[in-house]
Amino acid sequence: MTLELIKGLALTGGDWVIWMLLASSVLALAVIIERGILLKREKVALEQLRERIGDKIASADLGVLGKEAAKVQGLAARVLSAGIVQASHGAAVAEEYMAAAGLEERQAIERRVMILGTLGNNAPFIGLFGTVLGVIKAFRDLAMASTEGPEAVMRGLSEALIATAVGLFVAIPCVIAFNFFQKRIKDLLSGVETMNRLLLARLKTK
């Protein structure tokens, strides 16, 4: 039964694979737009946080810093606020709380980006799978239609190769977007870490 099911799948051709890849491209586009907007917003929020308290971390009252940080949206403000709230317990405690908050924020901001990485790595193979199915179907059709010549095979092969092309069409933008977002996330987290270190430096020199 399982063997017959596999044979039946192999003879369906690669059309359904192409449609699956096209659906994946829509998903990838949605992720690119959503993550692009989010990362742009987070970058602006980080700049706002720097403008508000960047020069005040070393000298301003912690209560004032906390109020200023609370006025800014974004992960940088949330992570820094976690340390400010625990500052009265010492630098070590504040550092641990900021590290925990940073891990949670990083997991959240990277979550959908991994979809792009997955599609970028696997879409070419999915497209190749569709091509293989198309080739199998082409030779099957030739065997069942004895009146047709090599033209039938060539036509079937050209149609089968579309799946590989679509796979590459989906994978290339995903890889580019994934690498771009990873760089933006790294830069963003580096800025957050800078703010955290400034706060810790103040707490350790009290």
| note | Taking a label point 7 Å from the Cα of E34 along Cα-to-Cβ, the residues of region 85-118 whose backbone nitrogen sits under 15 Å from it are 108-118
| query | Which value in nm describes the separation of the simple spin-label points at E110 and A60, placed 7 Å from the Cα toward the beta carbon? | reply | 3.1
| query | Looking only at Q86, Q182, Q107, which one moves most when the chain is put into a Gaussian network model with springs between Cα atoms under 10 Å? | reply | Q107
| note | Each label sits 7 Å from Cα toward the beta-carbon; between K43 and D15 the label points are separated, in nm, by 4.4
| Within the set K71/K186; K40/K183; K183/K204; K40/K204, which residue pairs have Cα atoms separated by over 22 Å? | K71/K186; K183/K204; K40/K204
| What is the P(r) of region 8-204, as percent of Cα-Cα pairs per 5 Å bin from 0? | 1, 8, 13, 13, 11, 8, 8, 7, 6, 6, 5, 4, 4, 3, 2, 1, 1, 0
| task | Would you mind getting me the FRET efficiency between T205 and E51? Use the beta-carbon distance for r and R0 = 25 Å, nearest 0.05. | result | 0.55
| message | I want to verify a result. In a Gaussian network model of the chain, Cα cutoff 10 Å, which of these has the top mean-square fluctuation: F139, F181, F125? | response | F139
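A short reminder: the numbers here are calculations on the coordinates, not readings from a lab. In this text, all values refer to a predicted model and were calculated from it rather than measured experimentally. When we count neighbours, we look across all protein chains shown, and the Cβ atoms used for this are built from the backbone with ideal geometry, even at glycine.
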